[in-house]
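All remarks here apply to the structure that follows.
The values are calculated or read from the model by the stated rules, or taken from the named source; none is laboratory data. Owing to the predicted nature of the structure, the values given are computational and were not obtained by experimental measurement. No Cβ is skipped: glycine too gets one built from the backbone with ideal geometry, and neighbour counts run over all protein chains shown.
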Amino acid sequence: MNQNSLVMKKAHQFFTVGALLAGLVLLCAGTADGQDITYLSNLMEPGHESIDRVHSNFWLGETFVTGPSHGGYDLKSIQLNAGTVGSPAGDFLVTLRQPPPSASVIAILQGPNPSVYGTYTYTAPGVTLQPSFEYLIAVTSTTPNDSNNYYYWNRPLIVTNGVSYADDSYASVDNWAITGFTLLESGDGTNWLGNNLIISPLQFAVTARPVAVTLSGSLKPEGFTLDFQTVSNRSYTVQCTTDLMNPNWTSLMNISGNGTDESIVVPVTNSAQLFRVSTP
């Protein structure tokens, strides 16, 4: 049964259901309300080290891996703990790239030149991060190499009894991870080498929004069937409401994802119904 026949045969009772099948029912991967989420951050780690300077013909890089959300993630911002020594004359440049060895540029992020040490936000509208994929954040500057005037990207340090130790702690959501515990350096932005003496990751945070995935459905004698893709080891809640303008969502069932397509049947009533599937 196609979507049009569903609307025609049940025009009064299931008109809303038919409209939803045209694309208004959304599977919100990660959050029911499509909220921005900081999936990965080590910005809160203490310590301040300014030796990792960037300048023309020198890049610093840090890699991370996204989580398994089936539809991917719309990138909202990347934040960096950064600052200056002296008064660098050039610009601070931030790019999102494929991981080495290709390190090809995905997006040039927009944001301020750092001044005093702090957290700075960089954005690239329209970038969608793929699920379970590694990315490289690369930073450079148009400032000539000058030991008295430069930008730096901070990395945290633990200091105990005057001795400095690396800090590899970070917070993550949905299985996102920092993968670069060896500082990546490049002289041209293309060829990257790891500095094995440094294991503290540079400080950054990634905020994104899970991409909504359209549900499909059909009317069958036993009820209304919803079909959607699941991710292994994630829980899903099927909900319904009778009023989209003032929704009071009622939970119908909970499902544990296994990485395959899920097909479930929900009961049909004499009232118009709207359905959604969300993950916590």
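Here are the numbers for the structure shown:
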quantity: Unmet criterion (only one of (1) outside any loop (DSSP other than H, G, I, E, B); (2) buried (at least 18 other Cβ atoms within 10 Å of the Cβ)) for residue 201; calculated: (1)
quantity: Residues that are touching a residue at least 24 places away in the same chain (Cβ under 8 Å), in a strand (DSSP E or B) and of a type in the set (Phe, Trp, Tyr), drawn from segment 144-190; calculated: 150, 151, 152, 153
quantity: Residue in segment 103-112 that is nearest to the chain's Cα centre (by Cα), counting only those that are farther than 21 Å from residue 44 by Cα and either assigned to a loop (DSSP other than H, G, I, E, B) or among the polar types (S, T, N, Q) (or both); calculated: 110
quantity: Filter result (modelled with pLDDT under 85, part of a strand (DSSP E or B) and surrounded by fewer than 20 Cβ atoms within 10 Å (Cβ to Cβ)) within segment 220-237; calculated: 220, 223, 229, 235
quantity: Verdict on residue 91 being assigned by TED's automatic domain parsing to the domain that holds residue 150 and free of Cβ contacts under 8 Å to residues at least 60 places away in the same chain; calculated: yes
quantity: Residue in segment 93-102 that is small (Gly, Ala, Ser), in a loop (DSSP other than H, G, I, E, B) and under 20 Å from residue 193 (Cβ atoms) present; calculated: yes
quantity: Unmet criterion (only one of (1) part of a loop (DSSP other than H, G, I, E, B); (2) among the hydroxyl-bearing types (Ser, Thr, Tyr); (3) more than 20 Å from residue 187 (Cβ to Cβ)) for residue 122; calculated: (1)
quantity: Cross-chain or 6+ apart pairs with Cβ under 8 Å, segment 48-71 first and aromatic (Phe, Trp, Tyr), then outside any strand (DSSP E or B) and modelled with pLDDT under 85; calculated: 64/180
quantity: Those residues of segment 238-275 which are assigned to a strand (DSSP E or B) and of a type in the set (Gly, Ala, Ser), in sequence order; calculated: 251, 256, 263
quantity: Residue satisfying condition, being of a type in the set (D, E, K, R), out of contact with any Gly (no Cβ under 6 Å at 6 or more places or on another chain) and within 30 Å of residue 143 (Cβ to Cβ), within set 261, 188; calculated: 188
